[in-house]
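The values are calculated or read from the model by the stated rules, or taken from the named source; none is laboratory data. Please read these numbers as outputs of a predicted model, since none were measured by experiment. Here the Cβ is made from the backbone with ideal geometry for all residues, glycine too, and neighbour counts use every protein chain on show. Protein only, heavy atoms only, side chains kept; ligands, DNA and RNA dropped before computing areas. Shrake-Rupley method; radii C 1.70, N 1.55, O 1.52, S 1.80 Å.
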Amino acid sequence: MAAKRTLTALALLATAVAVPWSSASPAQAAGLSPFDVAGRGATVPFTEQEAENAATNGTRTGTSRYYGQLSSEASGREAVTLDATGEYVEFTLSKPANAVTFRYSIPDGNNGAGRDASLELRANGTVLKSVPVTSKYGWYYGGYPFNNNPGDTNPHHFYDEARTFFGTTYAAGTKIRLQVSSTAQSPTFTIDLADFENVPAAIAKPAGAIDVVADYGADPSGATDSTAKFQAAVNAGSSSGRVVYVPQGNFTLYSHVIVDRVTLAGAGPWYTVLGGRHPTQRNLAAGIYGKYTTEGGPSQNVTVKDLAVIGDIRERVDADQVNAFGGAMSNSVIDNVWMQHTKVGAWMDGPMDRFTIRNSRILDQTADGVNFHIGVTNSTVTNTFVRNTGDDGLAMWAENTPNVANSFTHNTVVAPILANNIVSYGGRDIVMTDNVVTDTVTNGGGIHVANRYPGVNGPTGVAGTWTLARNTTIRAGNSDYNWNFGVGAIWFDALNGPITGAAINITDTDIIDSSYAALQWIEGQSSGITLSNVTIQGAGTYALQVQAPSQVTFNNVRATGIAQPTPIHNCVGSGFQITRTGTNTGWYTDTPYCGPWPAPQWNNSGTTPPPTTPPTTPPTTPPTTPPPATGNLALGRPATATGQADVYGPGNAVDGNANTYWESANNAWPQSLTVDLGQNRSVSRVVLKLPPASAWGTRTQTLSVLGSVNGSVYSTVKASAGYTFNPASGNTVTVSFPATTQRYLRLTFTGNTGWPAGQVSEFEVYSS
């Protein structure tokens with residue numbers, strides 16, 4: 001195929017009555033922890049403390065929500081940097097604890113292999129041990145799906161997590177310190193938080209169980225590959241009906257263990273650890289998989305519990321099956337499992353039915369936390385804690401086959417580095433209740449309802465009754481670096497087809513301290529949405545951001561602390577139809593605003609102002625590029641499109657980087673890409689580029705150029721014609737025309753011989 005990209009990996013529950021969070025002022029809400037919301041989110045075995053609230057002689061990073069900064073990716077949007085020997089962060093235990101997990105960042109190595117260092121762990125001043133830390137599982141660069149080349153642009157995904165036992169149990173009141181012993185290993189150490197817990201004793205082997213070590217010779221030291229021995233034990237357990245027990249140890253697996261009709265039980269996620277990766281075949285790594293439906297699956301009646309899968313995945317390759325869990329499993333349960341350093345915690349490919357993940361932790365993934373993909377039904381993620389995923393935290397994707405009656409309930413999802421905290425792309429009768437989501441970093445919101453991504457339309461699209469109840473979003477939503485505008489804390493997208501005929505009920509929900517808008521509608525028409533008993537408390541821009549026709553009922557929706565004096569941004573006019581019942585305050589206006597995007601205003605919780613330069617990354621400024629005076633007049637200007645495929649948004653066509661690109665929705669003509677030059681300019685040619693890589697192949701795109709002085713009435717500047725892009729000549733074409741004065745220029749595509757969509761990596765505009 002002469003095409004251009006691999007498909008993105010996308011990158012979730014009993015209810016409790018919770019009082020809407022309405023007592024905190026916006027300033028208080030700005031520092032709100034996900035654990036401050038009673039009755040919602042996961043019940044976790046640890047007590048979390050933020051570094052910025054601890055004793056320290058280091059430097060607080062200040063708060064920021066701009067993509068590419070350390071503070072933006074920190075829980076609560078602030079951390080502490082230690083940059084001298086002897087500097088520390090010291091926490092005081094509020095409960096007895098014998099172990100800690102801490103989230104940190106250190107600068108990357110120069111060659112992409114990563115940097116290794118260590119921090120001293122002290123209790124009441126006494127050194128307990130040195131704890132290894134590394135940059136190997138953080139620091140990604142470039143454009144999606146990213147790389148490990150420190151010389152590239154766009155550094156992000158800075159943080160990782162380390163865990164260790166103290167060696168004894170310390171009482172409440174004990175001072176636990178993370179301290180720098182030397183800066184020779186790393187010039188800085190940034191500490192985000194620490195999770196303290198009292199880990200119970202290891203779980204003994206159940207009576208009658210098969211022991212993978214004693215009975216099958218698996219290596220608990222991890223020195224040799226135990227895949228075949230695990231598989232033999234699991235097969236024996238399946239045929240005999242006996243539990244397969246994995247005792248304490250660190251077990252190396254060079255490939256998947258396939259499970260079916262078996263219980264695989266460990267000694268606890270702090271004691272039984274599965275990991276490893278094939279030394280030469282890097283697409284093979286530790287994982288527990290059900291049988292795919294094409295291979296006799298789904299597997300049935302599987303239980304995996306009380307263990308950890310901690311992998312060695314340091315990159316994102318969407319085609320590689322290097323997830324902690326995968327395949328298809330019906331009538332199956334994953335319980336009390338720790339998933340870390342894999343690509344996806346659980347990417348489940350159906351059709352499959354009645355699958356549950358519960359009481360688990362999913363940390364530090366290169367892509368999603370969980371994805372229910374293709375025909376997953378009656379399945380759930382519940383009471384699970386998710387943090388630092390490289391894509392959606394908890395996702396469902398009904399590609400080609402409907403997902404039906406799935407639920408994400410009582411989960412806590414923190415700091416997805418790309419995309420959404422919780423999302424369902426299509427599906428019927430979906431439930432998302434009693435979740436807490438916080439600190440979205442970019443290209444997504446807190447909770448997302450969407451008819452978008454390949455295969456999501458018609459029978460796979462949003463249908464039936466959706467229940468989104470008793471959820472709390474905190475500092476959710478952020479700027480989309482493709483769109484160059486904000487994404488709402490809760491948002492709706494009908495890109496691939498209208499969201500109609502479904503009942504989407506959002507009730508008893510609290511939207512707190514949103515980074516941009518609280519609610520957003522974009523791309524295509526939606527209807528059947530009802531918001532009832534919803535509190536909006538603080539928004540960096542608007543209460544409502546309306547970019548697509550929609551029909552919405554508001555019942556008892558109350559908003560306070562909206563940054564903009566006009567609380568609704570609406571450029572579709574009467575296409576946004578509102579029904580109001582009950583008491584609605586603080587968000588409605590008869591005269592919405594339509595115009596340039598304002599800079600967001602945030603309620604920062606700390607007293608230290610944001611730094612001019614973050615400790616380990618260059619600053620990222622908001623997208624407020626003024627019109628260039630000369631040269632490429634489109635560089636950095638706002639760009640919009642009639643549609644986009646995946647993450648390939650219109651902003652890529654004006655970013656000055658020929659390796660990033662816009663791509664329209666597939667198999668839908670015509671498609672348009674429009675740039676706003678900021679003011680009327682004399683223009684006489686455009687230069688269009690595709691990525692220079694030879695893999696793109698030669699293609700001819702049929703397009704016309706239109707112009708407008710007001711953004712509403714367009715006339716033809718250059719009639720439709722075919723233009724050939726050839727990588728042998730730089731994949732560049734020039735379209736010249738008589739000088740004309742325009743503010744907006746639009747490319748309208750009606751054909752492409754290389755791919756069923758319009759494609760542009762750079763849309764350059766010149767006056768001569």
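Structure values in brief
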{"quantity": "Residue list for region 289-310, restricted to those being open to solvent by less than 10 Å² (accessible area, probe 1.4 Å) and not in a strand (DSSP E or B)", "calculated": "G290, V302"}
{"quantity": "Count of region 479-495 residues which are open to solvent by 10 Å² or more (accessible area, probe 1.4 Å), polar (S, T, N, Q) and modelled with pLDDT under 90", "calculated": "1"}
{"quantity": "Residues of region 452-468 satisfying the condition of being open to solvent by 20 Å² or more (accessible area, probe 1.4 Å) and among the small types (G, A, S)", "calculated": "G455, G458, A463, G464"}
{"quantity": "Criterion violated by A653 - all others in (1) open to solvent by 30 Å² or more (accessible area, probe 1.4 Å); (2) outside any strand (DSSP E or B) satisfied", "calculated": "(1)"}
{"quantity": "Leading residue by the ranking (farthest from I511 (Cα to Cα)) among those in region 453-464 that are of a type in the set (V, I, T) and not in a loop (DSSP other than H, G, I, E, B)", "calculated": "T460"}
{"quantity": "N667 being polar (S, T, N, Q) and either touching a strand residue (DSSP E or B) at 6+ places or on another chain (Cβ under 9 Å) or part of a strand (DSSP E or B) (or both)", "calculated": "no"}
{"quantity": "Tally, over region 12-54, of residues that are at pLDDT 90 or above and open to solvent by 50 Å² or more (accessible area, probe 1.4 Å)", "calculated": "6"}
{"quantity": "Residue satisfying condition, being over 21 Å from the mean Cα position of the chain (by Cα), of a type in the set (S, T, Y) and part of a strand (DSSP E or B), within set T473, T467", "calculated": "T467"}
{"quantity": "Members of region 114-142 that are farther than 21 Å from S186 by Cα, in a loop (DSSP other than H, G, I, E, B) and either of a type in the set (S, T, N, Q) or open to solvent by 40 Å² or more (accessible area, probe 1.4 Å) (or both)", "calculated": "N124, G125"}
{"quantity": "Residues (open to solvent by less than 50 Å² (accessible area, probe 1.4 Å) and not aliphatic (A, V, I, L, M)) located in region 752-762", "calculated": "N752, G754, W755, P756, G758, Q759, S761, E762"}
{"quantity": "Residue ranges of strands (runs of 3 or more DSSP E) in region 206-288 with at least 3 members farther than 25 Å from N331 by Cβ", "calculated": "249-252"}
{"quantity": "Subset of region 398-417 (residues that are in a loop (DSSP other than H, G, I, E, B) and open to solvent by 10 Å² or more (accessible area, probe 1.4 Å))", "calculated": "E399, N400, T401, P402, A405, H410"}
{"quantity": "Scope region 153-168; condition open to solvent by 50 Å² or more (accessible area, probe 1.4 Å) and under 16 Å from L418 (Cβ atoms); matching residues", "calculated": "T153"}
{"quantity": "Residue among V717, V709, V765, V683 that is open to solvent by 40 Å² or more (accessible area, probe 1.4 Å), under 29 Å from C571 (Cβ atoms) and aliphatic (A, V, I, L, M)", "calculated": "V709"}
{"quantity": "All positions within region 720-751 that are surrounded by 15 or more Cβ atoms within 10 Å (Cβ to Cβ) and either in contact with a Cys (Cβ under 8 Å, 6 or more places away or on another chain) or farther than 13 Å from S672 by Cα (or both)", "calculated": "F725, N726, P727, N731, T732, V733, V735, F737, T740, Q742, R743"}
{"quantity": "Test for N505: is it at positive phi, open to solvent by 10 Å² or more (accessible area, probe 1.4 Å) and among the polar types (S, T, N, Q)", "calculated": "no"}
{"quantity": "Residue count, region 418-433 (criterion: outside any loop (DSSP other than H, G, I, E, B) and either open to solvent by less than 10 Å² (accessible area, probe 1.4 Å) or of a type in the set (K, R) (or both))", "calculated": "8"}
{"quantity": "Condition broken by T621, with the remaining ones in (1) surrounded by 15 or more Cβ atoms within 10 Å (Cβ to Cβ); (2) of a type outside the set (A, V, I, L, M, F, W, C); (3) at pLDDT below 50 satisfied", "calculated": "(1)"}
{"quantity": "Residue in region 81-99 that is within 22 Å of the chain's Cα centre (by Cα) and either modelled with pLDDT of 95 or more or within 29 Å of G173 (Cβ to Cβ) (or both) present", "calculated": "no"}
{"quantity": "Single residue of G222, G237, G208, G217 found to be under 18 Å from V259 (Cβ atoms) and either of a type outside the set (A, V, I, L, M, F, W, C) or open to solvent by 40 Å² or more (accessible area, probe 1.4 Å) (or both)", "calculated": "G237"}
{"quantity": "Among the candidates V246, V257, residue that is open to solvent by less than 20 Å² (accessible area, probe 1.4 Å), among the β-branched types (V, I, T) and out of contact with any Phe, Trp or Tyr (no Cβ under 7 Å at 6 or more places or on another chain)", "calculated": "V246"}
{"quantity": "Where a residue in region 173-186 is surrounded by fewer than 15 Cβ atoms within 10 Å (Cβ to Cβ) and its partner, wherever it lies, is of a type in the set (V, I, T) and modelled with pLDDT of 95 or more, with Cβ under 6 Å and at least six apart", "calculated": "S182/T85"}
{"quantity": "Single residue of region 55-80 satisfying the filter (closer than 11 Å to V441 by Cα and assigned to a loop (DSSP other than H, G, I, E, B)) that is modelled with the highest pLDDT", "calculated": "A74"}
{"quantity": "Residue in region 562-582 that is in a loop (DSSP other than H, G, I, E, B), more than 30 Å from G678 (Cβ to Cβ) and not aliphatic (A, V, I, L, M) present", "calculated": "yes"}
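Each row is one residue, and each column tells you yes or no for (1) modelled with pLDDT of 95 or more; (2) at positive phi; (3) surrounded by 17 or more Cβ atoms within 10 Å (Cβ to Cβ).
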position: W521; (1), (2), (3): yes, no, yes
position: S526; (1), (2), (3): yes, no, yes
position: V534; (1), (2), (3): yes, no, yes
position: T541; (1), (2), (3): yes, no, yes
position: N556; (1), (2), (3): yes, yes, yes
position: I568; (1), (2), (3): yes, no, yes
position: G573; (1), (2), (3): no, yes, no
position: F576; (1), (2), (3): yes, no, yes
position: T579; (1), (2), (3): yes, no, no
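Yes/no per residue for (1) on the phi < 0 side of the Ramachandran plot; (2) more than 24 Å from the chain's Cα centre (by Cα):
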position	(1), (2)
A267	yes, yes
G275	yes, no
N283	yes, no
E295	yes, yes
V304	yes, yes
V322	yes, no
D364	no, no
T382	yes, no
